[in-house]
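The values are calculated or read from the model by the stated rules, or taken from the named source; none is laboratory data. Here the structure is a predicted model, which is why all the values come from computation and not from measurement. Ligands, DNA and RNA are excluded from the accessible area calculation, which covers all protein heavy atoms including side chains. Shrake-Rupley method; radii C 1.70, N 1.55, O 1.52, S 1.80 Å.
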Amino acid sequence: MNRAEQKERTRQTLVATSRRLFASRGYAGVGLTEIVREAGVTKGALYHHFEGKTALFRAVLEQVQQEVAARVVAAAEEAVETPWHRLQAGCAAFVKASADPEVQRIMLIDGPAVLGWDEWRAIDEATSAAHLSEALREVQSTATIPLRPVEPLARLLSGAMNEAALWLAQSGRPADLEDTLAWLSRLIDGLQYREPA
């Protein structure tokens, strides 16, 4: 293995180890000493790749956000019938992915708290929010929803889905996910444009 491959392997090990620890105990419950011990590297190796714990968390968050976005895109692409079906499938996939306790902890609870709202939103904009806005524009191009700016609608839907995921984390009832998905489907259906009577 050459030096560049070794450096990348060390970086991946640090991200994977940190992700596991952050997911199980939260950002505040994990120290750098524990991370390097669990990863089997030195603090010097950690600082070679990351400025500190916050930068390491940012890398973990970006990885989680990208994985969630990939699940949303995959679900939307499988629902090939119409842009409307792709929007519904993508939104449902986001809620399902966000119901995962690891995703909730890293992406929705610690993400905004650790990085601050503005930085967290920028990461979200580059992944999930960008896909949602794109899906809404595609639906809009079929005259299924009114021709208005989609950014406010994307924020409303994103906020509703994030809040639902946080609630699901606390609910403890398996049936709540299915109920949430059913209401989400009704909410999205209500967006459809209907000719005035």
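Report the residue, chosen from 148, 11, 137, that carries the largest GNM mean-square fluctuation when the chain is represented by alpha-carbon nodes joined by springs under 10 Å.
148
Which of these, 153, 87, 132, has the largest mean-square fluctuation under a Gaussian network model of the chain (Cα springs below 10 Å)?
For the chain, modelled as a Gaussian network with Cα springs under 10 Å, the answer is 153.
Comparing 19, 105, 186, which has the greatest mean-square fluctuation in the GNM of the chain with Cα pairs linked when under 10 Å apart?
Judging by the Gaussian network model, the answer is 186.
What is the Cα centroid distance between region 76-109 and region 122-160, reported in whole angstrom?
14
Using a 1.4 angstrom probe on heavy atoms only, work out the carbon and sulfur share of the accessible area of the chain in %.
Here carbon and sulfur together make up 53 percent of the probe-accessible area.
For the Cα atoms of the chain, what angle does the longest principal axis make with the long axis of helix 130-140, in degrees from 0 to 90, nearest 10?
10
Given a 1.4 angstrom probe, what's the average accessible area per residue across region 1-121, in square angstrom?
50
Which shape class, rounded, prolate or oblate, goes with region 37-85 when its Cα gyration tensor gives a ≥ b ≥ c as root eigenvalues, a/c under 1.5 marks rounded, and past that a/b bigger than b/c marks prolate?
Prolate.
With every protein chain present, what accessible area does residue 73 have (1.4 Å probe, heavy atoms only), rounded to the nearest 10 Å²?
40
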